[in-house]
Amino acid sequence: MKRLVTTSAAAAVGAVVSALLFAQLPQFSNAVKNFITVEAPVVALTNVRVIDGTGAPARERQTIVIRDGNIAELGETSRVSVPSGATMIDLTGKTVIPGLVMLHEHLFYPTGSGVYGPLGESFVRLYLAGGVTTMRTAGNLAGVMDINLMRQIDARQRAGPAIDATAPYLNGPNELLQVHSLKDADDTKRQVAYWAEMGATSFKAYMQITRAELGAAIEEAHKRGLKVTGHLCSVTYAEAADLGIDNLEHGFMPSTDFVADKQPDVCPGQPKSQQAIAAVEPNGEQFKALVGKLVSKHIALTSTLTVFETLTPGRPLPPGLEVLLPELRQQFEQARTRVAQNQESPYKTLWPKGMALERAFAKAGGMLVAGTDPTAAGGVIPGYANQRQMELLVEEGFTPLEAISISTLNGAKYLGRDSRVGTVALGKQADLVVVNGDPSKYIADVRRVETVFKQGVGFDPAKLIASVTGHVGLW
Ligand SMILES: [Zn+2]
C-alpha cells in the first residue's frame, strides 16, 4: 500500500498513535455487523461538501481520507491523492457534517403516567441512525443500564453512540417511583461516590434537590473530574452557579430565579415558575445580570426545544412516531390532541419566550449546547428529534452553520472530547454524517442521513431503524 503523505509531523505522530489504538479495537459482534455498510482500513469520500462544525462556511468538492478510524487527509479533491487500495465513495451532491454530540438524551421513555420504560436497546440504535455519535444521558432511571450500554458499545458488542453515562438522578424528596430521595448532603456524597465507582461519568441533579445536597454533589463529582448538570427548581440558577454547577438544562424554562416570593430550597411548582419566566424581559437588567453570572462562570446551557415543541399548541407533529409500538403512538397522539385543544396553554407564551432567552444567552457569549429530552408525554423520538432540534435552533435565530456547530463542537467541548470529536478535521476521529443535500442552505436536509460513520465505520440508518420499528416501547 502506498504511503500517505501527511501535511504535518504532528498529524503523522497522531496517525501512528491512532493506528496503534485502532489495532487494539475489538471486533464487532455479528449483531453490530448487520448494520455496517462500510468497513475498510482506508476509505476515501470524494467530491463531497464539508461542513466542518466550527461554523466556517461549507467547502465544496472535498476529499476525506479515513485511515484506521481517523481523518488522515482532508482537502480539495483535486489536491488530495487517494492511496491505492482505498475504498472510494463518490459523494457528489452530498454533504458531510460532524457526528452529532448531544447532551440531553435518555435511555427511557414515558410509557404511562409517571412511568418510564427502559428502552436502551432500541434507543441507542435510533440515536446512531439519526447521526448522533456521542451523547450524554441527562439523568438515568435504570440503574446500571446506561453504564452497561456505554461499555458494550465501546466494546463493539452493540451499535450506538459513545455515551457519557449519568448516574441515577440526584433528587430531594420526590414522588417518582424510580428515583431515590436524598436524605442529606452526606447521603448525596455517598451516592455520587458509589455511582462514580460503578462507572457513571456524569451526574444530573433534579427539581427537589437542596442547595446543601447540590453543593455536596458538585464537590464530590469534581473531586473525580466529573461534571454535574441540573434540571432545577428548588435551587435557582444563580445559586447553582455559585455552588459551581457545570451545566443547566432546558434553557431558562425551569429557572426559578424570577419567582418573587421564592423560598430557599423549595420548588415553587410549575405554574408559578412558568408565570415568572413568561414575564422575563430578555433585555431587562435582572435577566442580563443572571446571564452575566452564567457566562462569567462558563456554565453551559442546554437547549431542548424538541420536548417543549410537543407541549406547544399549533406546532407540527414530531418526526419518527412510526417507530413506536402502536399503543404508545396512539397514547402520544391523544396527548397531542389535548395540547392542541388547550386554549389556556402556558406554552403559547413560553415557547417564543424560551427561544428569545436562549438566544440572548448565546448572544451574550454563553455556551449553548443541544439535546432532545425524550420525556414529557412522549413524541420525542431519539435520532429524529436530534435532527429536529437543529431545525428548531434555526427557527430560534441561529444560522444553519451555527445550529450544526452548537449540536456538534459545543457538545464535544463541554464533554472535554473536542480534541477527538465534534468537528471534521485532520487527525480527528472519523465521526461523520453523510446527508443527501446541503444543510448549510436548507437545514431540513439533516433529516436525509445516508450513512453514519463512527470511528471510520459506516452504519446504515435505514437498517438500524428497521430493526426497531414497531417495537419502540418494549425494549
Ligand atoms: Zn431530561
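The values are calculated or read from the model by the stated rules, or taken from the named source; none is laboratory data. The shown structure was predicted, so the numbers you read here are calculated from the model rather than taken from an experiment. Reconstructed Cβ throughout: ideal geometry from the backbone, glycine too, with neighbour counts over all protein chains shown. Surface accessibility is based on the protein's heavy atoms, side chains included, excluding ligands, DNA and RNA. Shrake-Rupley method; radii C 1.70, N 1.55, O 1.52, S 1.80 Å.
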Which condition breaks for Val32 when tested against (1) part of a loop (DSSP other than H, G, I, E, B); (2) closer than 17 Å to Gly456 by Cα? (1)
Report every pair of residues separated by at least 6 positions or lying on different chains whose Cβ atoms are under 6 Å apart, first residue within the range 130-141 and open to solvent by 10 Å² or more (accessible area, probe 1.4 Å), second within 16 Å of the ligand (Cβ to nearest atom). Leu141/Phe108; Leu141/Tyr116; Leu141/Gln178
Condition first: outside any strand (DSSP E or B), within 15 Å of the ligand (Cβ to nearest atom) and farther than 15 Å from Ala335 by Cβ. Now tell me which residues in the range 99-119 satisfy that. His106, Leu107, Leu119
Just to verify a result, which residue in the range 246-266, among those that are of a type in the set (D, E, K, R) and closer than 26 Å to Thr201 by Cβ, is nearest to the ligand (Cβ to nearest atom)? Glu249
How many of the residues in the range 260-279 are in contact with a helix residue (DSSP H, G or I) (Cβ under 7 Å, 6 or more places away or on another chain), crowded, with 20+ Cβ neighbours inside 10 Å and part of a loop (DSSP other than H, G, I, E, B)? 0
Sole miss for Ala377 among (1) within 16 Å of the ligand (Cβ to nearest atom); (2) surrounded by 24 or more Cβ atoms within 10 Å (Cβ to Cβ) is condition (2)
When both residues are 6+ apart or on different chains and their Cβ atoms are under 6 Å apart, which pairs have a first residue that lies in the range 352-374 and is closer than 16 Å to Ala279 by Cα and at pLDDT 95 or above, and a second that is buried (at least 22 other Cβ atoms within 10 Å of the Cβ) and of a type in the set (S, T, N, Q)? Glu358/Ser303
Out of the residues in the range 129-140 meeting the condition of being at negative phi and touching a strand residue (DSSP E or B) at 6+ places or on another chain (Cβ under 6 Å), tell me which one is nearest to the ligand (Cβ to nearest atom). Ala138
Of the residues in the range 208-245 that are in contact with a His (Cβ under 9 Å, 6 or more places away or on another chain) and within 16 Å of the ligand (Cβ to nearest atom), the one that is nearest to Ala185 (Cα to Cα) is Val228
